[in-house]
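Enquirer: Before I ask anything, let me first share the structure, which is written out below as structure tokens.
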Amino acid sequence: MEQAGFQTEVLRGIVLGAAQDVSLSPTLKVGAASDNVTVFSDGLQATTTVSEVSLTVDHAIVQDLPYPERSALGAVLLVPGVTGDPSVPGGVSSENAPITTGPITPGASLSVGGAPPGTSSILVDGSDITQASYARAGINLSGQIVQETTVLTTGLSAKYGRTGGGVIVQASKAGTSNYHGRVTWRHTDPFFNAFPVGSSAANAQHENFYGFFVGGPVRIPHIYDGRDKTFFFVGVEPARMQNALSFRGNFSTPDELAGRMHNALVLLNQTVLKNQGYAAALAAPRIGGVYYTSTVDANGFPNGAQNSAASRQIVGPGGLDDISPQLAKNPFAQYVMSQLPTPQNPGPYIKFDSPDGAYQNDGTNAVYRRGVTNVDNRWSVRVDHHFGNSDQIFVRYSEAPLSGPRYFALAASNPLNQVPTDVTASHDLAVGYTHVFTPNVIATGRYSFLRVNQKRTPPSGALTQDFAAKYGLTPATAGRGFPTLGAIGNGILQIAAANPYTDVDENFIGGGDFSWIHGNHLFHLEDLSQRHSITSCSL
């Protein structure tokens, strides 16, 4: 700062973070025009003008630490008073589908200042990104896109609402007067990982995170020169992730798939099987047989009401263990059996112990894998424009299309694959405008739109056609799909067990701030916002 007849004063080292206010009281002293006075601000100063207790996480930490799946929300766990879910890597739930089929809830496990998890507001560029249907972050930006992260833990100002505890405030990165770019790659491989605690097998997680970032002034040769006026920042962050777990299990033998059930586990004495093993159960008397649960036609299709247990008809010659004649008459059952794994055609995720599929004494006969393959193609772009010293605007648009097909012993393309596919499409638009009326009067306005479409669908292999109609069963309502059959064989595979649904959340938020400094007084009207949320769910 300078003024004719006064000494020049320079204030340095003043750091202004997201959701922070800094009060400065510079004084120009009378002096010769040739005198310079430089003031350096070193060390943290106690805040005396606001009531919030807050901490801003250093940007280098937000940007460089290898958080699980790059989520910038992982940085808030460095703030005292913030806790996450200890059962989740990094403490913050992922946006990407896990191996298990639980709900996908990023940010829902965070607790700020002792508040219940999921009740703390998450703001990005001034707008709340928490979904209305489930308290999860609608979109999760990476450390390369987020410029600053501040957590307000206690003593919140009246301008903050919709929170049971603290507030997480993030500001996205803007372009500068110089061109800057960055290319990143992070790889996770079981070869480099230590064994998980209590496990004798290596982690099976493969991850590749890519990042392409560029920012600077907007310049279009011979058309527009936006140096010192218009700036952009673009981030493209594709990722490919795979994870799997291995288990021992039991799968139908070739004899069982052909309808010859003489050694089937389900017909053995289960008490003997559990206590003495398969060999002893095989030598013990059988405890059951194969029955029709309802009347059937000549081809083996049910054509009547379910019978009571006392009146059910035993199937097969000898009444116990051979249903191959009935199986030969049922084309749908033949198709199902043809898709199940065998020692000669196990598929990519099963390894049988022996060529005949014989059971071990513990009742298992194979090792199988279940897992998930995630595709993440997120990107974000921000443009800032300065109309002059008094007006500036920014627009940011971020999109995160995610898909996570799972598999359970069978390939994801197999129509008998039981586990669902999760697909999420998140779109976030943020607009902010600032106008300086006078040095003492400043107003800002903002608007944001967030749309999150979460779908849980059957695996792709089950949606290629209407399998029920093809084989003479009741046609599917949607015109495609695989009928639910319950447990198959020994119960490891449950065909078409997924419950599809679609959940759509839309948030429309508008707000504004107005500040007026009059003498020794500051009048502040903030967050005059209107939020409209729409949630729809269909099965």
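Enquirer: Restricting to Cα pairs below 8 Å that are 6+ residues apart, what does the relative contact order work out to for the range 72-208? Please round to a whole percent.
Expert: So the answer I get is 20 percent.
Enquirer: What are the residues whose amide H is under 5 Å from the amide H of Thr130, where those residues sit 5 or more places off or on another chain and H is modelled from the backbone?
Expert: Distant-sequence amide H within range of Thr130: Ile122, Gly138.
Enquirer: Just to be sure I understand the model, the point goes 7 Å from the Cα along the line to the Cβ. What's the resulting Phe437 to Leu473 distance in nm?
Expert: Result: 7.0 nm between the two label points.
Enquirer: Karplus couplings for the range 171-183 from phi (6.51 cos²θ - 1.76 cosθ + 1.60, θ = phi - 60°), rounded to Hz, Gly and Pro as x?
Expert: Those phi angles translate into 10, 7, 7, 10, x, 10, 6, 10, 7, 9, x, 7, 10 Hz.
Enquirer: Right, here's the next one. If you average the C-alpha positions of the range 374-410 and of the range 81-108 separately, how far apart do those two centres end up, in angstrom?
Expert: For the range 374-410 versus the range 81-108, the Cα centre distance is 21 Å.
Enquirer: Relative to the present Cα-Cα distance, how much length would full extension add between Gln306 and Tyr397 at 0.36 nm per residue of separation?
Expert: Extra length available between Gln306 and Tyr397 comes to 27.1 nm.
Enquirer: Report the antiparallel proportion of the DSSP beta bridges in the range 348-423 as a percent, rounded to a multiple of 5.
Expert: Rounded to the nearest five, the antiparallel share is 100 percent.
Enquirer: Once neighbouring chains are kept in place and the probe is 1.4 Å, which whole percent of the accessible area of the range 69-223 is contributed by carbon and sulfur?
Expert: So the carbon and sulfur contribution to the accessible surface is 60 percent.
Enquirer: Provide the FRET efficiency to the nearest 0.05 for the Tyr335-Thr83 pair, computing r from the beta carbons and using R0 = 51 Å.
Expert: 0.50
Enquirer: Ok, one more. Quick one: how many Å² of Tyr210 are accessible to a 1.4 Å probe, rounded to 10?
Expert: Tyr210 exposes around 80 Å² with every protein chain in place.
Enquirer: Okay, moving on. Apply 1/(1 + (r/R0)^6) to the Cβ-Cβ distance of Ser157 and Asn499, taking R0 = 45 Å, and write down the FRET efficiency to the nearest 0.05.
Expert: It comes out at approximately 0.55.
Enquirer: Could you compute how much accessible surface Met241 exposes when probed at 1.4 Å, giving the result in Å² to the nearest 10?
Expert: Near enough 10 Å² of accessible area.
Enquirer: I'd like the distance separating the alpha-carbon centroids of the range 205-247 and the range 119-136, in whole Å.
Expert: The distance from the Cα centre of the range 205-247 to that of the range 119-136 comes to 24 Å.
Enquirer: Something else now. With each pseudo-label sitting 7 Å past Cα toward Cβ, what's the His180-Asp58 distance in nm, one decimal?
Expert: 1.6 nm
Enquirer: Give me, ordered by chain and number, the residues 5 or more places off Gly164 or on other chains with an amide H under 5 Å from its own placed amide H.
Expert: Distant-sequence amide H within range of Gly164: Ser120, Ser121.
Enquirer: With an 8 Å cut-off on Cα pairs and a minimum separation of 6 or more residues, tell me the relative contact order of the range 257-307 in percent.
Expert: Relative contact order, the range 257-307: 24 percent.
Enquirer: Run the numbers for Ala283 and Val218: contour at 0.36 nm per residue of separation, minus the present Cα-Cα distance, in nm.
Expert: Additional length available on full extension: 15.3 nm.
Enquirer: Related question: Between Thr293 and Leu245, what is the FRET efficiency for a Förster distance of 41 Å, r being their Cβ-Cβ separation, to the nearest 0.05?
Expert: Efficiency, rounded to the nearest 0.05: 0.75.
Enquirer: With all protein chains present, calculate the accessible area of Leu410 using a 1.4 Å probe and round the result to the nearest 10 Å².
Expert: The accessible area comes out at roughly 10 Å².
Enquirer: Per residue, how much accessible surface does the range 427-484 expose to a 1.4 Å probe? Answer in Å², no decimals.
Expert: 51 Å²
Enquirer: At 7 Å along the Cα-to-beta-carbon direction for both Val367 and Thr484, put a label point, then send me their distance in nm to one decimal.
Expert: So the label points at Val367 and Thr484 sit 3.4 nm apart.
Enquirer: In addition: What does the extension gain come out to for Asn389 and Asn193, with contour length at 0.36 nm per residue minus their alpha carbon separation?
Expert: 65.3 nm is the gain from fully extending Asn389 to Asn193.
The values are calculated or read from the model by the stated rules, or taken from the named source; none is laboratory data. Note that the coordinates shown come from a computational prediction; the quantities given were computed from them, not determined experimentally. For neighbour counting, all protein chains shown are included, and Cβ atoms are generated from backbone atoms with ideal geometry for every residue, glycine included. Side chains included, ligands, DNA and RNA excluded: accessible areas come from the protein's heavy atoms. Shrake-Rupley method; radii C 1.70, N 1.55, O 1.52, S 1.80 Å.
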